[in-house]
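The values are calculated or read from the model by the stated rules, or taken from the named source; none is laboratory data. Please read all numbers here as calculations on a predicted model, not as lab measurements. Cβ atoms come from the backbone with ideal geometry, glycine included; neighbour counts cover every protein chain shown. These accessible areas exclude ligands, DNA and RNA; they are computed on the full protein's heavy atoms, side chains included. Shrake-Rupley method; radii C 1.70, N 1.55, O 1.52, S 1.80 Å.
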Amino acid sequence: MTDDDAHLWDSNRRGSTDALNRKIEQWQKRDWMTWLAKNLTFPFTVTREEDEDDAYFQKGAARAPFRLGHEMEILALELDDDLCGIIVKARENRRVGAVPLCDVQVKPKSDKNYWPVREYVVWFANR
């Protein structure tokens with residue numbers, strides 16, 4: 001099995017819908033905190049791609065830490081929140097704060113943390 005085949009669920013190729021459905025079945029049984037702790041290597045760099053906070057459009061919000069489009073370093077898993085999902089401890093410049101893991105993306109795909117985070121983000125969006 002090639003790496004592309006292993007990640008068929010995250011593509012538009014033929015068979016991707018069936019692959020995603022099989023993956024979702026796996027994800028529903030997964031203890032995400034334990035699995036991520038085992039499969040992530042800390043610290044790692046992410047970019048915030050989502051932000052539920054409507055304050056983003058307020059004056060000065062783009063300069064506030066941990067905002068949409070900002071790059072930050074993930075230091076640790078913090079807690080699993082019923083509403084926001086897994087919250088991670090993040091550092092941006094000299095500030096440390098908390099960010100939902102479902103709001104971030106690891107780049108590039110070759111980073112060893114890309115697929116574990118991607119699996120969580122897709123699962124969270126489809127739960």
Residues (open to solvent by less than 50 Å² (accessible area, probe 1.4 Å), more than 20 Å from Lys23 (Cβ to Cβ) and not charged (D, E, K, R)) located in region 72-103: Met72, Ile74, Leu75, Ala76, Leu77, Ile87, Val88, Ala90, Gly97, Val99, Pro100
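Out of the residues in region 28-49 that are part of a strand (DSSP E or B) and hydroxyl-bearing (Ser, Thr, Tyr), state the one that is most open to solvent (accessible area, probe 1.4 Å). Outline the logic, then answer.
Start the filter on region 28-49 by keeping residues that are part of a strand (DSSP E or B), which leaves 44-48.
Filter once more, keeping what is hydroxyl-bearing (Ser, Thr, Tyr): 45, 47.
Numbers: Thr45: 64, Thr47: 25 Å².
Only one residue fits best here, namely Thr45.
In this structure, does Glu25 turn out to be at pLDDT below 90 and either surrounded by fewer than 16 Cβ atoms within 10 Å (Cβ to Cβ) or assigned to a loop (DSSP other than H, G, I, E, B) (or both)? Show your work before the answer.
On the way: at pLDDT below 90: no; either surrounded by fewer than 16 Cβ atoms within 10 Å (Cβ to Cβ) or assigned to a loop (DSSP other than H, G, I, E, B) (or both): yes.
No: the conditions fail for Glu25.
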I need the full set of residues from region 104-115 which are under 8 Å from the mean Cα position of the chain (by Cα) and surrounded by fewer than 17 Cβ atoms within 10 Å (Cβ to Cβ), in order please. Gln105
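Here is a list: Ala6, Ala37. Which entry is farther than 20 Å from Gly85 by Cβ and of a type in the set (A, V, I, L, M, F, W, C)?
Details: Ala37 fails: farther than 20 Å from Gly85 by Cβ.
After ruling out the rest, the residue left standing is Ala6.
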